[in-house]
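The values are calculated or read from the model by the stated rules, or taken from the named source; none is laboratory data. Note that the structure is predicted; figures quoted are calculated from it, not measured. Every residue, glycine among them, receives a Cβ derived from its backbone with ideal geometry; neighbour counts consider all protein chains shown.
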Amino acid sequence: MPRPAGLGSLLDIALDPTAPEPLFRQLYAELRQAILGGRLRPGDRLPASRALADELGISRNTVLGAFEQLLSEGYLVMRGGSGTYVAGDLPDLTPENARPQRQGRAAPPQLARRSAILLHAPRGSTRPQASPHYPCFAPGWVDSSDFPFALWSRLLAKTWRQPPRSIIEGGDPGGYPPLRAAIADFLRQARGIDCAAEDVLIVSGIRQAVDLTCRLLLDPGDKVWVERPGFPGIGAAIGAAGGRLVHVPVDAEGLDVAAGLRAAKDARIACVAPSHQYPLGVVMSLQRRLALLAWARDAKAWVLEDDYDSEFRYAGRPLAALRSLDEDGRVIYVGTLSKLLFPSLRVGYLVAPRALSQAFRSARAVVDDQPAMATQPVLAEFFKSGHLAAHVRRMRKRYARRQQLLLRATEAHFGGRIVLRPDAAGLHLVGQLADPALRRQGDAKIAEKIAAVGVTVSPLSAYDVADDRKGSGISPQGLMFGYAAVPDARILPGVKAIAAALHL
């Protein structure tokens with residue numbers, strides 16, 4: 001087994017921020033010399049980019065840039081899912097120390113420097129495998145076991161038995177027109193959004209919506225507000241498109257607009273989830289919503305509204321969507337159908353301001369021509385016939401019941417040391433670490449202990465991806481309990497297993 005390269009072996013790295021050479025080049029040179037000098041040997045695993053950045057007191061992007069240069073030159077290799085390693089066959093070795101080269105081995109590809117963002121960014125959501133005995137409380141997952149697949153199959157067969165030419169050939173980069181019209185009707189009724197079918201663009205999900213928005217509205221280096229903590233995939237998509245992330249804190253009233261103004265009043269886009277922020281679950285106050293819209297109007301900036309989990313509300317009436325309050329055409333609204341139906345559906349939608357509708361369709365035509373047509377007619381019929389609304393009503397009742405089961409179980413078995421509170425919406429609850437001893441351990445270490453007994457939870461700190469989080473006092477601590485996809489009968493055993501693992 002290759003031995004991991006401990007941070008201790010790297011502590012003699014000396015970087016000079018006042019030197020004319022960029023920090024990433026200095027770090028590259030230090031690591032390259034450590035490899036050639038034998039301090040890092042073939043097969044050694046390097047620390048994670050974030051851990052090394054914390055150790056050296058530099059930006060994670062600096063580490064990523066150095067890693068990418070070493071990867072492209074063949075000093076490092078990536079092994080999917082396990083990390084970055086010193087290559088077994090090194091370049092630049094003297095003849096007496098060189099290893100025999102394999103015949104026909106291709107030189108490592110020379111990648112663009114910005115590819116480091118893509119190679120090291122958070123991947124798509126993959127639900128951890130649940131153990132045979134205990135539940136997977138991973139957040140963000142829905143229960144697909146009761147989806148009407150028989151009905152879905154009949155509609156699919158009906159659509160494709162004798163499909164019209166318009167479905168076979170497609171042709172509209174915005175997506176299937178009847179589905180776009182159905183989504184526009186749904187949003188008018190459910191979220192108070194005044195939009196037409198031509199404003200709706202079918203996308204694969206939030207990341208594609210963010211990518212298209214950034215391609216259209218950002219120049220390289222433009223600043224973008226993102227929520228802190230927040231969904232890492234959004235920041236990764238923005239960074240890959242050339243945006244400069246500005247992490248704006250979230251409190252009990254949602255995104256702190258005043259903090260955003262202090263940090264970057266000249267930002268070009270603000271990405272927010274005002275209806276049910278992920279991961280904290282807070283609702284953005286009306287005062288903050290109006291302040292955000294006023295900033296966008298005055299700065300000629302844009303707001304990307306992710307209406308996360310708005311359909312799964314269990315108590316009270318939700319505030320209107322931010323887009324419904326927008327009188328100046330500055331809000332781009334995005335949502336998904338995958339969480340309403342089943343994850344692999346991969347169908348979402350973007351509602352552009354009228355002035356941008358044609359631009360978004362044109363950009364989509366260049367980047368991806370048109371969305372896949374196979375399921376769009378079925379979805380349109382699902383809307384039209386009321387099947388979607390009926391399914392959402394059933395699942396809303398199921399998820400509300402599971403939230404109550406989780407609350408009762410944790411109240412009975414956690415002894416007040418981890419506290420979960422009811423949430424009027426969403427698919428997960430955040431467990432606050434009320435016990436100082438647990439807080440001292442840190443949520444990541446606690447999640448590891450829980451995983452050791454076969455139960456999956458997510459540490460809240462994993463959603464704070466800002467470079468300055470170490471020692472800032474901002475990084476949140478807690479445990480995320482996704483309950484929507486956990487069968488009723490497995491909630492209590494899972495909670496008991498957690499209590500036993502942590503000696504609660």
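Do you know which of the residues in segment 367-409 that are of a type outside the set (A, V, I, L, M) and assigned to a loop (DSSP other than H, G, I, E, B) is nearest to the chain's Cα centre (by Cα)? Spell out how you get there, then give the answer.
Taking segment 367-409 first, the residues of a type outside the set (A, V, I, L, M) are 368-371, 375-377, 381-387, 391, 393-394, 396-399, 401-404, 408.
Applying the additional criterion that residues be assigned to a loop (DSSP other than H, G, I, E, B) yields 369-371, 375, 385-386.
Numbers: 369: 25, 370: 24, 371: 21, 375: 24, 385: 32, 386: 30 Å.
Among those residues, the one meeting the criterion is 371.
Scan segment 485-501 for residues that are closer than 22 Å to residue 342 by Cβ and either among the hydrophobic types (A, V, I, L, M, F, W, C) or not in a helix (DSSP H, G or I) (or both) and the total you get is 5.
Residues being modelled with pLDDT of 75 or more, of a type outside the set (A, V, I, L, M, F, W, C), outside any loop (DSSP other than H, G, I, E, B) and buried (at least 18 other Cβ atoms within 10 Å of the Cβ) are entirely absent from segment 106-125.
Say we look at segment 141-170 and pick out the residues that are among the small types (Gly, Ala, Ser) and modelled with pLDDT under 85; which of these is surrounded by the most Cβ atoms within 10 Å (Cβ to Cβ)?
Start the filter on segment 141-170 by keeping residues that are among the small types (Gly, Ala, Ser), which leaves 144-145, 150, 153, 157, 166, 170.
From what is left, the residues that are modelled with pLDDT under 85 are 166, 170.
Working: 166: 14, 170: 16.
Going through the qualifying residues, I end up with 170.
Checked against (1) more than 30 Å from residue 160 (Cβ to Cβ); (2) surrounded by fewer than 21 Cβ atoms within 10 Å (Cβ to Cβ); (3) not hydrophobic (A, V, I, L, M, F, W, C), residue 483 passes all but a single condition, namely (2). Hey, could you check segment 429-459 for residues that are surrounded by fewer than 17 Cβ atoms within 10 Å (Cβ to Cβ) and in contact (Cβ under 8 Å) with a residue 60 or more places away in the chain and say which is nearest to residue 504 (Cα to Cα)? The residue in question is 453.
If the condition is being more than 13 Å from residue 193 (Cβ to Cβ) and either more than 21 Å from the chain's Cα centre (by Cα) or not assigned by TED's automatic domain parsing to the domain that holds residue 353 (or both), then segment 328-338 contributes 328, 330. Against the conditions (1) touching a helix residue (DSSP H, G or I) at 6+ places or on another chain (Cβ under 9 Å); (2) over 26 Å from residue 465 (Cα atoms); (3) at pLDDT below 80, residue 61 satisfies every one except (2).
Any idea how many residues of segment 344-366 are within 17 Å of residue 187 (Cα to Cα) and either assigned to a loop (DSSP other than H, G, I, E, B) or among the basic types (Lys, Arg) (or both)?
Keep residues of segment 344-366 that are within 17 Å of residue 187 (Cα to Cα), which gives 347-354, 357.
Cutting the leftovers down to either assigned to a loop (DSSP other than H, G, I, E, B) or among the basic types (Lys, Arg) (or both) gives us 347, 352-354.
Looking only at that region, the number is 4.
Just one residue in the set 272, 257, 224 is in the same structural domain as residue 334 (by TED's automatic domain parsing), at pLDDT 95 or above and closer than 24 Å to residue 458 by Cα; that residue is 272.
Residue-by-condition table, conditions (1) in a helix (DSSP H, G or I); (2) over 15 Å from the mean Cα position of the chain (by Cα); (3) surrounded by 17 or more Cβ atoms within 10 Å (Cβ to Cβ):
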site	(1), (2), (3)
224	no, yes, yes
227	no, no, yes
236	yes, no, yes
242	no, yes, no
270	no, yes, yes
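Among residues that are under 30 Å from residue 394 (Cα atoms) and surrounded by fewer than 20 Cβ atoms within 10 Å (Cβ to Cβ), residue 285 is included.
Given segment 10-77, what helices (runs of 4 or more DSSP H) lie entirely inside it while holding 1 or more residues that are under 22 Å from residue 246 (Cα atoms) and aromatic (Phe, Trp, Tyr)? Give the steps one after another, and end with the answer.
Numbers: elements: 23-36, 49-56, 60-73.
Correct list: 23-36.
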